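Here is the structure we will look at, set down as structure tokens.
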């Protein structure tokens, strides 16, 4: 049956089964791992489908196909990390191009963009993208790339991807959306008008905190080929074994996200009701300012949240000494629950002024909610919060 007549399968099936039993040699059910760095030519000037591992690898390509299908794109390019995925886009821009990025984006993203700007490779403007009128005034400067992060890290702010994409593309800019926090299980930015989707697949797509990979998915086929070419030029490609591990993790994406979101909602409600917590940032709560927008453009609210302790740094220190079930560590999206202090961890390099402008205070903690039993997660948080009350 040709691709044109093949029935469209649901995303859950793509994640669980893309590439199953496609091994051409032995019809293995589990996708084989191809580690070879080089491949035999058929003869003089006769390369086969693969010639050198930087330009293409069967294992990496299988994962890329699955992710592209899930994001409804024309193709995906896999990079050694999520930061490398962002830099793959930024590094292709002509010198002096203007990039519009969120003023409250992930600290690593801001560090990369500022480093590029300091070397005069790009111009950078950090914008509050929730203010559409303000955003439009910045479009008058004709940016080449608009970077969107929704929900934002760590304050879980949600912006209108469709509205921003429509306005940006009308000005001639391309739009890239970091979809790491939700994954294609809960949000598909290309369907909302974006040109690219970005992932640190290290997080929810892999889901097991044991491999670092990034991805760029393109809506346009020519852009996909251009990105693939540029990745080959720079050598910014994911390793085969990392790709194989990520594909294995992807198989359980939907069931993991479903359970983690269920746990996260229960945790958000617990935090909201606790007297030591000044504020909870989770779009799944009906009183979150972006709840209606999130419900409209997302298929769920995810497993990430942050909350503010009223006692500032002393309260944070007491909480972290006593909390159970949540491990103090950076990263997110794994099956285990993690807690991070953005001001001294993930967003340290932003500096106090930028953190203050973004609203990232010293009393803010970020949670990545995992698959543990909800009773254990509640008890673990209660232990930390009780210490704050002392």
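The values are calculated or read from the model by the stated rules, or taken from the named source; none is laboratory data. Model, not experiment: these values are computed from the prediction. Heads up, the Cβs are rebuilt from the backbone with ideal geometry, glycines too, and the neighbour counts pull from every protein chain shown.
Restricted to the range 174-183, and to residues that are surrounded by 24 or more Cβ atoms within 10 Å (Cβ to Cβ) and in contact with a strand residue (DSSP E or B) (Cβ under 8 Å, 6 or more places away or on another chain), which residue is nearest to residue 249 (Cα to Cα)? Step through it out loud before you land on a result.
Of all residues in the range 174-183, those surrounded by 24 or more Cβ atoms within 10 Å (Cβ to Cβ) come to 175-183.
Next, from what is left, pick out any that are in contact with a strand residue (DSSP E or B) (Cβ under 8 Å, 6 or more places away or on another chain): 175-181, 183.
Details: 175: 28, 176: 24, 177: 22, 178: 20, 179: 17, 180: 15, 181: 16, 183: 13 Å.
Out of the qualifying residues, it is 183.
Looking across 348, 367, one residue alone is closer than 21 Å to residue 181 by Cα, within 24 Å of the chain's Cα centre (by Cα) and surrounded by fewer than 21 Cβ atoms within 10 Å (Cβ to Cβ). It is 348. Going by the conditions given, is residue 336 under 19 Å from the mean Cα position of the chain (by Cα) and in contact (Cβ under 8 Å) with a residue 24 or more places away in the chain? Yes; evaluated as a whole, the condition is true for this residue.
When residue 13 is tested against (1) in a loop (DSSP other than H, G, I, E, B); (2) modelled with pLDDT of 95 or more, exactly one condition is not met: (1).
Quick check, is residue 318 surrounded by fewer than 20 Cβ atoms within 10 Å (Cβ to Cβ), in a helix (DSSP H, G or I) and not assigned by TED's automatic domain parsing to the domain that holds residue 182?
Values: surrounded by fewer than 20 Cβ atoms within 10 Å (Cβ to Cβ): no; in a helix (DSSP H, G or I): yes; not assigned by TED's automatic domain parsing to the domain that holds residue 182: yes.
For residue 318, the condition - surrounded by fewer than 20 Cβ atoms within 10 Å (Cβ to Cβ), in a helix (DSSP H, G or I) and not assigned by TED's automatic domain parsing to the domain that holds residue 182 - is not met.
Scanning the range 138-163 for residues that are over 30 Å from residue 345 (Cα atoms) and in contact with a strand residue (DSSP E or B) (Cβ under 9 Å, 6 or more places away or on another chain) yields 138, 139, 141, 142, 143, 144.
Could you tell me whether residue 21 is in the same structural domain as residue 149 (by TED's automatic domain parsing) and either exposed (fewer than 12 other Cβ atoms within 10 Å of the Cβ) or more than 22 Å from residue 190 (Cα to Cα) (or both)?
Details: in the same structural domain as residue 149 (by TED's automatic domain parsing): yes; either exposed (fewer than 12 other Cβ atoms within 10 Å of the Cβ) or more than 22 Å from residue 190 (Cα to Cα) (or both): yes.
Taking the combined requirement at face value, the residue satisfies it.
When the range 370-387 is filtered for residues that are more than 20 Å from residue 208 (Cα to Cα) and surrounded by 23 or more Cβ atoms within 10 Å (Cβ to Cβ), the ones remaining, listed by number, are 381, 384. Of all the listed residues (370, 384), the sole one being in the same structural domain as residue 266 (by TED's automatic domain parsing) and either touching a strand residue (DSSP E or B) at 6+ places or on another chain (Cβ under 7 Å) or not in a helix (DSSP H, G or I) (or both) is 370. Free of Cβ contacts under 8 Å to residues at least 24 places away in the same chain, touching a strand residue (DSSP E or B) at 6+ places or on another chain (Cβ under 7 Å) and either buried (at least 22 other Cβ atoms within 10 Å of the Cβ) or not assigned by TED's automatic domain parsing to the domain that holds residue 187 (or both) - does that describe any residue in the range 288-300? Checked the range 288-300: no residue is free of Cβ contacts under 8 Å to residues at least 24 places away in the same chain, touching a strand residue (DSSP E or B) at 6+ places or on another chain (Cβ under 7 Å) and either buried (at least 22 other Cβ atoms within 10 Å of the Cβ) or not assigned by TED's automatic domain parsing to the domain that holds residue 187 (or both). The residues listed here are 129, 187; of these, the one that is touching a residue at least 24 places away in the same chain (Cβ under 8 Å), touching a strand residue (DSSP E or B) at 6+ places or on another chain (Cβ under 7 Å) and within 28 Å of residue 285 (Cβ to Cβ) is 129.
Does residue 241 satisfy being within 30 Å of residue 371 (Cα to Cα), surrounded by fewer than 18 Cβ atoms within 10 Å (Cβ to Cβ), assigned by TED's automatic domain parsing to the domain that holds residue 150 and in contact (Cβ under 8 Å) with a residue 40 or more places away in the chain? Yes; evaluated as a whole, the condition is true for this residue. Only strands (runs of 3 or more DSSP E) whose full extent lies in the range 50-145 are considered here, and the ones with at least 3 residues that are under 21 Å from the mean Cα position of the chain (by Cα) and crowded, with 22+ Cβ neighbours inside 10 Å are 75-79, 97-102.
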